[in-house]
1. Could you tell me which residue of segment A:570-625 is modelled with the highest pLDDT, considering only residues that are farther than 18 Å from A:E642 by Cα, outside any loop (DSSP other than H, G, I, E, B) and small (G, A, S)?
2. Is there a residue in segment B:321-340 that is in contact with a Lys or Arg (Cβ under 9 Å, 6 or more places away or on another chain), crowded, with 16+ Cβ neighbours inside 10 Å and closer than 30 Å to B:D230 by Cα?
3. Out of (1) modelled with pLDDT under 85; (2) aliphatic (A, V, I, L, M); (3) closer than 26 Å to A:I170 by Cα, the odd one out for A:V136 is which?
4. Before we move on, is A:L56 crowded, with 21+ Cβ neighbours inside 10 Å, within 14 Å of A:P101 (Cβ to Cβ) and touching a residue at least 40 places away in the same chain (Cβ under 8 Å)?
5. I'd like to check something: does segment B:324-344 contain any residue that is in a helix (DSSP H, G or I), in contact (Cβ under 8 Å) with a residue 40 or more places away in the chain and on the phi < 0 side of the Ramachandran plot?
6. Return yes or no: is B:R30 in contact (Cβ under 8 Å) with a residue 12 or more places away in the chain, under 30 Å from A:F645 (Cβ atoms) and of a type in the set (K, R)?
7. Which residue, of B:D304, B:D270, is at pLDDT below 90, acidic (D, E) and within 18 Å of B:R190 (Cβ to Cβ)?
Amino acid sequence: MNLRRLHHRLLAVMGLAAVVAFLSGAGLETPIILLTAVLLLIALFWQPSARTHEKLEWLFRIAAVLLTVRAIYYMVALPDDVVLPMVDVLLVLVASEALRPEEITAQTRLYSLSFALLIAASAYRAGVAFGLAFVVFLVTGTITLMIGHLLRQAAKHRMPEPVLERGFLIRVGLLSCVMLFMSALLFVAFPRVTRQWMGRGVPVTSSIIGFSDRVSLSEHGSRLYPNPEVVLRVEFPDVRPSDRSLYWRGRSYEVFDGVAWSRTGRLYRREPLSTFYAARWPKPAIEQRIYAAPIDVNVVFALSPVLELRRGSPAFRFDQTPSGDFFYTGSPAPTYGAVSLGEQPADADLRAFPAVYTPGDSVFLQLPRLSGRVYRLTDSLIAGHEQRIDQVRAVEDYLRTQFRYTLDLPATAAETGLEHFLFERRAGHCEYFSTAMVVLLRSAGIPARNVNGFLGGQWNEFGNFLTVTQNQAHSWVEVYFPRWGWVRFDPTPAATGDTAAAQNNWFGPFRFLVDGLEHRWNKWVLEYDLQKQVDVFRRTASAITPEPSARTSSEPAGARSWWIWAAAAFIVLFVIRALLSRTTDTVAALETRTYLNLRKAYRRAGYDPQPSLPPLAFVNRLEHMHAPGLTHARSVVLLYLERRFGNGDAAVETIRAEAELALRQLRARKRRQVV
Amino acid sequence: MSTSAAPAAWRVRAARAWRTLKELLRPPRRLSFTRAGGLLTGAIVAMGFAALNTGNNLLYLVLGALLGLIMVSGWLSEQSLRRNQVQRRVPRAATAGEPLRITYEVSNHKRRLPTLSLELREKRFEEAAYLQAAWPGKTGIARATLVLQKRGVYALSRILVSTSFPFGLFIKERDVDLPGYLVVWPRTDRAVRRPRVGGERARQLGESTAVAGGVGRGEYRGLRSFRPGDDPRDVHWRSTARLGQPVVREYERESNHSLWVCLDLRAAPDERAEEAVELASSICARAINEGQRVGLATNEVVIDAGAGAGQLERILDSLARARFRPEAPVLALPADGAQCVLVTASRTATADYADVFVAGET
């Protein structure tokens, strides 16, 4: 492949890397990005002729002008997200530059355009694909820039295209590791303190305003096809609890209209405080460190009840609603810590207190219009149970044992109703179960509410954290017990084999790997902040200077930091080598230097006042002035001339020896003069 | 006398010390930005601000990569510049106003890395030579073509070796001290009238030379085979046809009629002085091309009369080095005045010469 074609292809790869980087952040928000990706792929293997290019150029120009007008319109008329319209213009330009014939050397534009795309990608919360695309961009970019420069220089000096060895190109490509290293170094070391000198801060997301009232049932947990999108990644600093008991509580709903759940704005009674639960519920508390992915609701998910919520970043702010749900603002993807109680009160404890409901608000007893058979069913279920807990368990058991869990949705709209589920179909997904249980309990006068969130998760051995995906979306029930507060019940039977298998297929290990990478990317790149920076520095410092307590350990303190010394020695050696090689840097040939030194010595002695004198004239002059060391100086000059201009093969050592003799005589004369 | 000499010596010493100091403080490399490099630096500063302002970690990544790019650029350009042995090849002489080519041979003494994209130029000239590549252990060749308008001996001291490799962002330059010189002969194509030497007879000879090629070259001696460089007018066609190979007539040199061109250097080194040199060189060149024996005398050097291309080179070499100064020794007549032509920048002593050419008056 000739260099020009290689350059063109590498440019296309650079463009593709930038497109992938952008895709990893903004996704398919702008469809033009797919078109650009296709055009870049075409540019990898095909280049238009000058004629075709002329026609294409027209198309691109029209598209660019139209998109620019649109971008300006967005900027002026709609103070909305102006990044995407501008990126559209950028994408069209990238495609048009990539599809140029080979002859045109002005390809520098494509460097800057694809770079601009990469920068635009950083405006989004780009995923781990950004990192990979970034590496590809750097490696190809380094080689492309170098080849492009050589091609442009060759064209400028009217020279043929240079020929480069493959090994050299690979070595230059490897040099991009230096860039990656620098990138990492600066990334880690640059102080994350001063920010927001100008402009606006982190925008407050608007989801909070439209949040409180009504959320459709189908929006949460009703995605019945497998969706492995990661929602939460949870680290347990202390102890890892069993997966089954992990109910990641999100939000609760009070009002059921027969079809959908919603929230009421009329709650005045606050949720029992965390101190309330802390005083009554069993210990121990579980600490969680949660890295949430951005989803369309700003809900803080955590094990319930939450005793304490800790902010993971300064921008992160949270608030609690009267119904006990937590919401956050100020951070596109929140990172937070939570301390929750992992276990619920035992049934015996719940039974020990009489079930007298005094919430003072009938909202937790609200019911839609129901037919008589629902009430009859409730009566038959709770008959014979005096205690609230026993009634609740009876309903829960009924649903768990007599019903079947399925991801299949009802066939027609008429079959989606709750009563159809209870009396005809007797199968459904978790929302049906939780809704049914709440409705049955309320029809018996027991205050209950529907709760959404996630259940369980998959432990990632690769990164020692728990991954919670959309697949784990779940719905369950909370029942109020006067002394204990809201207690969780789950009427949904366990998933049958096929549903479970869908989550544990052969693809699993790879997904864990990717998920582990993604988690590290989020934790150490996107969420890297002052706190982590200080942490990194502290750890590095402690590795270098062994603490006094470390000396008591079995290995000596010196051995622990031996690699520090090795690194220091390496650096010192490198510097010495660099200095040495600097002194031995051969600028002129040895014979030339010998000759020049000789002339310098004679000039200092006053025998050679005219530096521009040619070598032979210099010898004549020495002769004329009866200079000391004349014979040796003459042979130096003759040997030098012969070697340099006459292909002579006189040994350099001979020339140096002669020069040495000449200089010795010159010095001897000088001494005599002084005496 | 001594009081006025002391500060002068002091000043000379100070100037020398200053030069030495400057030489010592000369940076080993000089760095300048190209347009792209300037833009990149601007972009880095802007991105630094953006990263600080937004706290966007991805911007820090990109910023670090850009700084890494500069580091890689610096290292690669350094590799291109170091461990090269530069040799200069200059023509034996060049003529003022005509293109001359300086050849640089760059031997790469590095073990693995190539020397790529070097620009070499003399410190005193603008024209650069471009070396595309010198692979490890190999020698690459670069040529610069330049036109020097003034005759003289140009001392070459330093070669500036620069490169914008690898990315065209910065231009890194280093010096290679390599003394040398370049002799530029005066131009010989100046329109000048024929010198009047040796009285009437010489003039006839001169005039008849234009008519018959043979006259002015001495007596006819015989025939010999053609050698490259012979005047085609001397070909003896009849013998050529008979022998089947070109044959030319040979003449004896006319030793009596040497032309002596005397250039008076006692003048200020100005435009007219240069014109005088060109007059002298043009006269000599024409006379030698016509086969005459020509000698040159200046206030410092005397070149004995001779003929042929070698003689012309000697004369032109000497003329290239001629230095005009009012205090030069008086010009002495090298031979019989009837054979001497005086070329001078200012009309001064004109006696004894057969003809006088004054710069600016011909």
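The values are calculated or read from the model by the stated rules, or taken from the named source; none is laboratory data. Just so you know, these numbers come straight off a predicted model, no measurement behind them. We place every Cβ from the backbone using ideal geometry, glycine too, and count neighbours over all the protein chains shown.
1. Narrowing segment A:570-625 to residues farther than 18 Å from A:E642 by Cα: A:570-587, A:600-612, A:621-625.
Right, trim to outside any loop (DSSP other than H, G, I, E, B) and you get A:570-583, A:600-604, A:621-624.
The next check asks that each one be small (G, A, S); those that pass are A:578, A:581, A:601.
On the way: A:A578: 70, A:S581: 58, A:A601: 89.
Within segment A:570-625, the match that is modelled with the highest pLDDT is A:A601.
2. No, segment B:321-340 has no match at all.
3. Tallying (1) modelled with pLDDT under 85; (2) aliphatic (A, V, I, L, M); (3) closer than 26 Å to A:I170 by Cα, A:V136 fails exactly one: (1).
4. Values: crowded, with 21+ Cβ neighbours inside 10 Å: no; within 14 Å of A:P101 (Cβ to Cβ): yes; touching a residue at least 40 places away in the same chain (Cβ under 8 Å): yes.
Spelling it out, it is not the case that A:L56 is crowded, with 21+ Cβ neighbours inside 10 Å, within 14 Å of A:P101 (Cβ to Cβ) and touching a residue at least 40 places away in the same chain (Cβ under 8 Å).
5. Just the residues of segment B:324-344 that are in a helix (DSSP H, G or I), to begin with: B:337-339.
Still in the running and in contact (Cβ under 8 Å) with a residue 40 or more places away in the chain: B:338-339.
When the remaining residues are screened for being on the phi < 0 side of the Ramachandran plot, the result is B:338-339.
Yes, some residue in segment B:324-344 is in a helix (DSSP H, G or I), in contact (Cβ under 8 Å) with a residue 40 or more places away in the chain and on the phi < 0 side of the Ramachandran plot.
6. For B:R30, the condition - in contact (Cβ under 8 Å) with a residue 12 or more places away in the chain, under 30 Å from A:F645 (Cβ atoms) and of a type in the set (K, R) - is not met.
7. Numbers: B:D304 fails: within 18 Å of B:R190 (Cβ to Cβ).
The match here is B:D270.
Residue-wise test of (1) buried (at least 24 other Cβ atoms within 10 Å of the Cβ); (2) out of contact with any strand residue (DSSP E or B) (no Cβ under 7 Å at 6 or more places or on another chain); (3) at pLDDT below 85; (4) more than 12 Å from chain B (Cβ to nearest Cβ).
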| residue | (1), (2), (3), (4) |
| --- | --- |
| A:I104 | no, yes, yes, yes |
| A:Y111 | no, yes, no, no |
| A:G131 | no, yes, no, no |
| A:T142 | yes, yes, no, no |
